[in-house]
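The values are calculated or read from the model by the stated rules, or taken from the named source; none is laboratory data. All figures in this text were calculated on a predicted structure; none of them were measured in a lab. Because the Cβ atoms are built from the backbone with ideal geometry, glycine has one as well, and the counts that use them run over all protein chains shown.
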Amino acid sequence: MVAQVRPVTGSNAPVDLFQIPAEVLFPARGGIANLAVPVCFSASHVGYLSPRMEPNFGMLGEAAGHKMEVLASHERQSLPYRKPPLTFTNIDPIPPVAAGSKDYSYSSNGNGTLPAGNYNNISVSKGQFTVPQGTYGTMNVSSQGTVVLGVPGQTTTYNFQGFTSGAQTKIIYRGPVVINVNTSLNIGGQGATSDLTTPASAVHWNFKGGNGELVSVGGGGDTLGVFYAPNNDLTYTGNGDFYGAIAAKSVTVKGTGALHIDQDALLPVTTTNKVVITAKIIVGYTATNYSLWRITQAID
């Protein structure tokens, strides 16, 4: 029950269709029952621009009529058109650092690798430094430091108590990684990743968090990855672009960077409500900084 409409352009050039979610035609939950508003529907002044044309109003009216027909045939007062609540998969506890682990600092113009052994806090302020798989304290990348994570051809798992990258820092992914962070996550810098050929679905950041801690992602450079923070608020800041997916308790977007959502970057989030009719539903949205994302799903 979604109207497909054609955007208004200044020429006769062909353009793609886009969808208007059926939920914009009806009052919020708890409002007036059995009321559809196909003309003065819920939208911002930007969202109202193309759908306001008369042919589109006609299609919206047809969609509203179909909805009312479904209500009558099922003897229902209302049907849930809102997005169902999400269920977040819990993140397992992050293992602690081994007793007796020592701190390690790296500051050099060359390339280095963390020696074998048990380490607590790691600091990189200059040069390119490779960190192998393991369990560590806080990773702090500052100044002009670059940290290299992962190896080609296999998934590498890291456990950090905290992870912070500051101004003009970089993170390079050599292969698929799973990065588990316990209490502090701040991914900023002028170049959060230097190689966008790595698929976002191969870079997973899991933030255990809790106690009102804030996750901060983004900076002056591009950011790549899947960020999962079910217990905390996440803020995307800065002017760099984002490539991947985000699932958090809440998401706030600041700055001027574009968000490129990777629909192949699957997240451990499921919906839980029960739908009592059988229908084919098309969900889609598009905006200035988003590519069209469409899901077709048969619900029973």
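Here the condition is being of a type outside the set (A, V, I, L, M, F, W, C) and within 29 Å of G255 (Cα to Cα); of G117, G188, it holds for G188 alone. The residue that is modelled with the highest pLDDT, counting only those in region 187-204 that are under 11 Å from G225 (Cα atoms) and surrounded by fewer than 21 Cβ atoms within 10 Å (Cβ to Cβ), is A202. Against the list (1) of a type in the set (G, A, S); (2) modelled with pLDDT of 70 or more; (3) in contact with a Leu (Cβ under 9 Å, 6 or more places away or on another chain), the condition G284 fails is (2). In this structure, is P80 in a loop (DSSP other than H, G, I, E, B), at pLDDT below 80 and surrounded by 12 or more Cβ atoms within 10 Å (Cβ to Cβ)? For P80, the condition - in a loop (DSSP other than H, G, I, E, B), at pLDDT below 80 and surrounded by 12 or more Cβ atoms within 10 Å (Cβ to Cβ) - is met.
Comparison of V8, V37, V2, V15 shows that the only residue that is β-branched (V, I, T), surrounded by 12 or more Cβ atoms within 10 Å (Cβ to Cβ) and modelled with pLDDT of 80 or more is V37.
When we screen A98, A72 for residues that are surrounded by 13 or more Cβ atoms within 10 Å (Cβ to Cβ) and either at pLDDT 90 or above or part of a helix (DSSP H, G or I) (or both), the only hit is A98. Scanning region 109-120 for residues that are in contact with a Lys or Arg (Cβ under 9 Å, 6 or more places away or on another chain), part of a strand (DSSP E or B) and surrounded by 13 or more Cβ atoms within 10 Å (Cβ to Cβ) yields Y119, N120.
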